[in-house]
1. Quick one: 3J(HN,Hα) in Hz for region A:80-88, Karplus 6.51/-1.76/1.60 with θ = phi - 60°, rounded, Gly and Pro as x.
2. Give me the three principal axis extents of region B:136-241 from the C-alpha atoms, as integers in angstrom, largest value leading.
3. Using a cut-off of under 20 Å, list every residue of region A:38-62 whose amide N is near the label point 7 Å from the Cα of residue A:24 along the Cα-to-beta-carbon line.
4. Which ³J(HN,Hα) values, rounded to whole Hz and listed in residue order, are derived for region B:160-176 from phi using the Karplus coefficients 6.51, -1.76 and 1.60 in 6.51 cos²θ - 1.76 cosθ + 1.60 with θ = phi - 60°, glycine and proline given as x?
5. Gain in length, residue A:200 to residue A:280, computed as 0.36 nm per residue apart minus the alpha-carbon separation, to one decimal in nm?
6. Skipping prolines and chain starts, which residues have an amide H placed within reach, meaning under 5 Å, of the one on residue A:132, given they are 5 or more residues away or on another chain?
7. Under a 5 Å amide H to amide H cut-off, with H placed in plane at 1.01 Å, what residues pair with residue B:128 once short-range neighbours are removed?
8. Quick one: which bits of region B:260-277 get at least 50 Å² less accessible when the partner protein chains are in, versus the chain alone, with a 1.4 Å probe?
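The values are calculated or read from the model by the stated rules, or taken from the named source; none is laboratory data. In this text the structure is predicted, and so the values were computed from the model without any measurement. Quick reminder, even Gly has a Cβ in these numbers, built from the backbone with ideal geometry, and neighbours come from all protein chains shown. Ligands, DNA and RNA are stripped out before the accessible areas are found, and what is left, the full protein with its side chains, is counted by its heavy atoms. Shrake-Rupley method; radii C 1.70, N 1.55, O 1.52, S 1.80 Å.
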Amino acid sequence: MFENLTEKLQRVFKNLRGEGKLTEENIQQALRDIRISLLEADVNFKVVKQLIDRIKEKSLGQEVLTSLTPAQQVVKIVHDELVELLGGGAAQLRFASQPPTVILLAGLQGSGKTTTGGKLARWLSRHGHRPLLVSVDVYRPAARRQLTVIAEAIDMPIFEGPAGPADPLELARLARREAANTGRDVLVVDTAGRLHIDDEMMGEMQQLKQQLEPAEVLFVADAMTGQDAVKSADEFHRRLGLTGVILTKMDGDARGGAALSIRSVTGQPLKFVGVGEKYDALELFHPQRVVSRILGMGDVLSLIEKAQETVDLKQAEEMQRKLLSDRFSLGDFRDQLRQMRKLGPLDQILGMLPQVGPFRQLQQVKLEEKELVRIEAIVDSMTPRERNHYQVINGSRRRRIARGSGATVQEVNRLLKQYAEARRMMRTLSGGFMAKRMGKLKLPSALR
Amino acid sequence: MPIQTLFGPPPPPTVFERLQEAVSSTRQNLAERIEEAVHGQKEIDAGLLEHLEATLLGADLGVATTTEVLDKVRQQVDRRQVSDAGQLTGMIKQELLEILKRTDARAGTQAGSLCREFPQVVLVIGVNGVGKTTTIGKLAHQLISDNKRVLLCAADTFRAAAIEQLEIWGQRTGTEVIKQKPGADPSAVLFDAIGSAKARGIDYVIVDTAGRLHTKSNLMAELEKMSRTAGRAVPGAPHEVLLIMDATTGQNGLQQARRFTESVGVTGIILAKLDGTAKGGVVIAIARELKLPIRYVGIGEQKDDLVPFDPEQFIDSLFRETPR
């Protein structure tokens, strides 16, 4: 998410890095570049102006700290400013003291409310709640059917209401009663997409809010939204009193400046981000982490969290030992690929790593998901002996492996070459180089 | 306009009013603020240009386009060709119009096969939630009003209830929908649809595809496969690849247009949801960079809320002085 902004700012500060101290002149250049980056990231121009003013003020007013280079200092100021704008720590969902807690999803057409509704229900149930879904979108063709299909897919109860034409308020009322009667503690209400300037539809939303007294009114917004984000968010907030924001489609390459814009006009925290088409692709929003990513420090925390969920710790330790002791076989290589695939889409994982130091080259690696499947197939077609002693793989073995895995001999060759290189690299790293390097890496403040 | 040869003549004259109405928010936003900026300032100074910059940026034109337009204006100011601040509106308007006009030449090239093969296959693509299915409903309505025989192809087999949604649009417009089960191979559905279209003498097959982010290479490959499949079934297909773009989209729209063009050769853009406060400036940025013509503008949720895009009309509406 934000990759492009990250690259830009890094370039800016790389230029600054050569300077001995922070002068008015070089800070001007940095500020101009930061401004362009933020604008290209779709941060609203007014928000950008405020940000730049504050960053400038702080940069110039501050004494140069001896512990930091001027570039680091600007990074720190920008970092702090963005974190502050995004609201500091991670925001939690609010729950009503008297169940059922009602969560109302609101937003423009196509922002992703229905899919998010399903993801949210799944997230809630994974966190010990008993959610009930309901769609009060009686306007868009097949909208209610869509939520029903999603509910089935994630195995969550949905209140479908009476067949045929229905009234959103009545549907909501019945769903709430159903939740209370069946002991569901959270009711997730998916509403019709509407334009913020559609007075009638916004009125309906206000009525829904009045009737349901939701603990959360969440504004679902598309991460690709441009300058208009401030206007729609502002109007939704004015009419409904939003309590939070969910930013969807963050798995694309949109720079997500809308996050800053929306936060700045509503003052409400971003609570979740949607990061994929699968129903578990909903994550808590962590301002620290997102800003860390903006500044190229990498979202190491998210990665660790994910790894902990999926990776077998013992296996990982064993793997590391093998890596360092040069007993890393093709079979281990395959196991590791499998582990990695369990973590999620590769580009997502790579995006979370810092874009500095030894990880930098990794950003250019464009591994296709399908390619991994291929590699696995190739390794699967080897005999155990071949996996442990790759040197024995001669021409005729290569042909057999290629036939067995449906690959070409060239592909097999390429894999063997890559593996040999990886081994060589590991040897170099294990010679103390890695330890030295890792020790030097400054951890982002969120980690300390 | 090529769109007239493909989709018949434009709807009755109310279109202009409706377009105007649709972009009134844009107009108010952009034109009024430029007016506001130049009003009361006789001399053109740096502060004024800065204000204009903010105005263009705020309309989602993007940094590159804004810089280009303003640089040209600045040059003219420097050469003392402009002394009156009031002339600025006209100059900026002219620059924007030039950018949009440059797409027209290219737009003519793709409709040029002499022996038109039928059915014409229209692939409708875009990222998630931009309004593909709704736009297809409107397109079908327009073609049918023009006495064309239309078939809809439900090739979004991924999203929950996408097929049902298209079927409802089929009922609304009296169009048959060719579908398979959810999860089916979209290319197979497409192949089926083209087969039925041939058998029934259909003029246009409009293909609804699943929304996909342009960064997902596997999904883009799926789209490429659909395009190839269409080409095998009908020579020259897909005859149109229409990229639907949400008017609220910011600078990411450029990236979308780029990537979709790379993979399946977009032939035109339909700008949906222009009835909000979204400014549609992304249209100009895309036109400038990719020379992709904008074919239609979506201005509502009803079946006739789709109007042809005309650069001059569009810019004129943007800059009309009477508000609302």
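1. Computed from phi, the couplings for region A:80-88 are 4, 5, 5, 4, 4, 4, 7, x, x Hz.
2. Sorted largest first, the three principal extents are 39, 31, 22 Å.
3. It comes to A:52-62, nothing else.
4. Couplings: 4, 6, 5, 5, 4, 4, 5, 4, 5, 5, x, 5, 4, 9, x, 10, 7 Hz.
5. The span from residue A:200 to residue A:280 would gain 25.4 nm if fully extended.
6. It is A:186, A:187, A:188, by chain and number.
7. It is B:212, B:213, by chain and number.
8. B:277
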